[in-house]
Amino acid sequence: MTPAPAITVADAVAALEAAYPPALAHDWDAVGLSVGDPAAPVRRVLIAVDPLPAVIEEAMDVDLLVTHHPLLLRGVHAVATTAPKGSAIHRLIRGGVALFSAHTNADAANPGVSDALAGALGVTVERPLAPEGDGTVGIGRVGTLAVPETLATFTQRVADALPATAWGVRAAGDPTRTVEKVALSGGAGDSMLHLARAAGVDVYVTADLRHHPATDHLAEPGAPALVDVAHWASEHPWCAQAAAVLARTAPHLEITVSTTRTDAWTVGQPSGAVNA
């Protein structure tokens, strides 16, 4: 069988950066190509949320690994194999695998991470939650459900739509409350609780909500209900979106979305003593 024609790493990077412009990334972020030769051929691509060891091993059969979270987000002063990040870099280089990441630029892009989350939940997007520039891009989204439903039903909708995790899905608010207008943000979003309140939504869906910000939020008059999901699960729908970007650029590419669960939490149990 004749192998599919290859594009280069540079071609793939150009397509991804057209969809997720690096200029949209926060100044503390580290996005783009971090490992690999721009001139190297690409026939097979793996897309994942995290460049963790299990995903890197999965990527040994491909030419390009695309992730949401960067491998080198914080300062690294050595890449010896005795350190986790150094070991990851050596493994990628030995395997001939390039690594590209789109992080906060993918969060802000239109469409971006929160659009993918909205699509998974059946929410029709109206605008960014934290708009930037001309208002068409920005972190988070505000939208509506086609048909109103209770918070309890909506929470089940979220649980059914996202990949399973030990963290699961939890909600704060009256289970019978009507939900129609929705704010959401893939990844950690408690820094935008005030924006969800200002948006006048019925519920805010995000990840990594902390006790004190959540309880302070809920004490505010008219505050939206909260739905808290696992960080990895909230961003996993983006992988299919990024795959579609590359498929439009090079339909012959062999593109796989990783289903490896890289959420940090591995065991979940309900708490509380069992009645005798």
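None of the figures in this text is laboratory data; all of them are computed from the coordinates on show. Keep in mind that this is a model prediction, so the values were computed, not measured. Using ideal geometry, Cβ is built from the backbone for each residue, glycine included, and neighbour counts are taken over all protein chains shown.
Summary table below
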read-out: Complete set of residues in the range 238-256 that are outside any loop (DSSP other than H, G, I, E, B) and crowded, with 18+ Cβ neighbours inside 10 Å; value: TRP238, CYS239, GLN241, ALA242, ALA243, VAL245, LEU246, ILE255
read-out: Number of positions in the range 242-273 that are within 22 Å of the chain's Cα centre (by Cα) and among the small types (Gly, Ala, Ser); value: 7
read-out: Which listed residue is free of Cβ contacts under 8 Å to residues at least 24 places away in the same chain and touching a helix residue (DSSP H, G or I) at 6+ places or on another chain (Cβ under 7 Å), from ARG177, ARG210, ARG157; value: ARG210
read-out: Failed item in (1) at negative phi; (2) part of a loop (DSSP other than H, G, I, E, B), with PHE154 passing the rest; value: (2)
read-out: Members of the range 159-192 that are part of a helix (DSSP H, G or I), surrounded by 15 or more Cβ atoms within 10 Å (Cβ to Cβ) and out of contact with any Pro (no Cβ under 6 Å at 6 or more places or on another chain); value: ALA159, ALA161, MET192
read-out: Residues within the range 129-147 that are on the phi < 0 side of the Ramachandran plot and either in a loop (DSSP other than H, G, I, E, B) or of a type in the set (A, V, I, L, M, F, W, C) (or both), tallied; value: 10
